[in-house]
Amino acid sequence: MSIVKINALTVPPEARATLEQRFAGRAGMVEAADGFEWFELLRPVEGTDTYLVYTRWRSEEDFQKWQASNAFQAGHARAATDAASGQPPARPVGHPGPGGPGASGPGGQAATGAQLWSFEVVQSAAPATA
Ligand code: HEM
């Protein structure tokens, strides 16, 4: 069964547009990663202020490989460039360190915190086909 990795992003109300713009211009490389099955950026409407970056993978190993890959770095490259160019720290909680993912920099800080959640898919369903 697949596994789900959700990156839960704390985003101040004034930074929502910035975050969504950054994702609108995302690298689009995750699509080519081995074992990648699904991605969604979920905007909170009610009950929470947290944005969710939902990803689904064939296996834990596939996710780990993507996270260690150049594609992951490239998917977060702007943040890495920002860090290297001496932008204000604005590092989100749980940030893996210089050169890694982040959400600050030109265009303003977006996420102020990030938490990675892991799940195993127990059941899933899709619409019945006629
Ligand atoms: C450590 C904290 C993290 C923060 C603050 C963060 C934030 C961001 C931001 C702002 C983008 C848009 C591109 C950019 O501006 O660079 C992005 C891309 C993305 N992030 Fe993260 N991210 C983090 C870690 C993760 C993790 C652990 C996952 C795993 C679920 C993940 C999944 C993705 C995906 C799938 C994309 C799109 C990449 C592509 O199009 O190839 N991120 N992230």
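The values are calculated or read from the model by the stated rules, or taken from the named source; none is laboratory data. It should be emphasised that the depicted structure is a prediction, and the values quoted were computed from it without experimental measurement. Here the Cβ positions follow ideal geometry from the backbone for every residue, glycine too, while neighbour counts run over all protein chains shown.
What to note about this one:
- Residue within segment 29-50 that is assigned to a helix (DSSP H, G or I), modelled with pLDDT under 95 and within 10 Å of the ligand (Cβ to nearest atom) present: no
- Given (1) near the ligand (Cβ under 9 Å from one of its atoms); (2) of a type outside the set (Ser, Thr, Tyr); (3) not in a loop (DSSP other than H, G, I, E, B), number of the condition ASP62 does not satisfy: (1)
- One residue from PRO12, PRO101 being modelled with pLDDT under 65 and not basic (Lys, Arg): PRO101
- Residue satisfying all of: in segment 11-23; surrounded by fewer than 16 Cβ atoms within 10 Å (Cβ to Cβ) and more than 9 Å from the ligand (Cβ to nearest atom); nearest to VAL121 (Cα to Cα) among these: GLU20
- For segment 26-72, the set of residues classified as free of Cβ contacts under 8 Å to residues at least 12 places away in the same chain and either in contact with a Phe, Trp or Tyr (Cβ under 6 Å, 6 or more places away or on another chain) or not β-branched (Val, Ile, Thr) (or both) consists of GLY28, GLU31, PRO44, GLU46, GLY47, GLN64, GLN67, ALA68, ASN70, listed by residue number.
- Selection of segment 50-73 for residues being more than 12 Å from the chain's Cα centre (by Cα), more than 15 Å from ILE6 (Cα to Cα) and of a type outside the set (A, V, I, L, M, F, W, C) yields GLU61, LYS65, SER69, ASN70.
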